[in-house]
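Report on one structure; see the data block that follows.
The values are calculated or read from the model by the stated rules, or taken from the named source; none is laboratory data. As the structure is a computational prediction, the values presented were derived from the model and not from experiment. With ideal geometry, Cβ positions are generated from the backbone for all residues, glycine too; neighbour counts draw on all protein chains shown. Only protein heavy atoms, including side chains, enter the accessible area calculation; ligands, DNA and RNA are left aside. Shrake-Rupley method; radii C 1.70, N 1.55, O 1.52, S 1.80 Å.
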Amino acid sequence: MPKGLVRTTVLVAAALLGAALVVVPGSWVVLDSENARFAAAQRAQTQLVLAEAKVALEASLAARLTSLRALAAFAASRPDVGEAEFAVFAQGLAASLPDIRSVQLARNFVVSHLYPQSRNNGILGLELRAHLPPAQQAALERAVAANTPVLDGPVPLLQGGIGLIIRSPVLVPRGADQPPQHWG
């Protein structure tokens, strides 16, 4: 009887070992496959979130660039605009984009028009080329040299806080055969 019990125990142990040799690698393959599927799903979800963020950022920048171009066209069409007329125009621009802290015009690179004045004390009359930090001066000069809007930031703002600044040169048309003149 003991020989039969030993033999049965050995056979059961061999069967269990054989089953383990089949089940463990199979389980590992299934687990690895499941991990790969989960990682692929996570990558796809992350790419979707990033794509949505990219579209939202591009739309947000496009809206601000459109407002900037409208402001430049306004200044070019009215180079002698008064502060009251500018304030009405700038208020309309800022109302559609509430995260805009300040709208400014700088005739001859001196801040000549500002909206809203209440939150931007000390900026009106500022000579940009003389008083901007070096990094902001470099961005200003790139905008003028390339004759295109330049996004700068995040940078410390002169009126306090940190923000993005989009600068664009304003060109005033002259005669029919003459190139436009830099207004500011």
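Could you run the Karplus curve 6.51 cos²θ - 1.76 cosθ + 1.60 with θ = phi - 60° over segment 15-21 and give me ³J(HN,Hα) per residue in whole Hz, x for Gly and Pro?
Karplus-based 3J(HN,Hα) across segment 15-21 equals 5, 5, 5, x, 5, 5, 5 Hz.
Given segment 3-78, what whole percent of its Cα pairs are spread farther than 16 Å?
Summing the P(r) of segment 3-78 above 16 Å gives 75 percent of all pairs.
May I ask for the distance between the Cα centers of segment 86-125 and segment 157-179, given as a whole number of Å?
12
Compute the Rg to Rh ratio over the chain from the alpha carbon atoms, using the Kirkwood formula for Rh, and round to two decimal places.
1.55
Whole-Å semi-axes of segment 46-131's equivalent ellipsoid, largest first, each the root of 5 times a Cα gyration tensor eigenvalue?
Here the semi-axes work out to 29, 14, 13 Å.
If I stretch the segment between Ala20 and Arg7 completely, what's the gain in nm (0.36 nm per residue apart, minus their alpha carbon distance), one decimal?
Difference between extended and current length: 2.7 nm.
Take Gln91 and Phe38, extend 7 Å from each Cα along the Cα→Cβ direction, and tell me the distance between the two endpoints in nm.
5.8
Using 0.36 nm times the number of residues separating Leu164 and Ala135, minus their current alpha carbon distance, what extension gain do you get?
Additional length available on full extension: 9.2 nm.
Which whole-number percent is the relative contact order of segment 38-184 (Cα, under 8 Å, 6+ apart)?
After rounding, I find 20 percent.
Could you please put Arg7, Arg107 in sequence from largest to smallest accessible area, using a 1.4 Å probe?
In descending accessible area the options line up as Arg7, Arg107.
Multiply the residue gap between Gln47 and Ala146 by 0.36 nm, knock off their C-alpha separation, and tell me the result in nm, one decimal place.
32.2 nm
When all protein chains stay in place, what accessible area (Å², nearest 10, 1.4 Å probe) is found for Asp177?
Here the residue's solvent-accessible area equals roughly 150 Å².
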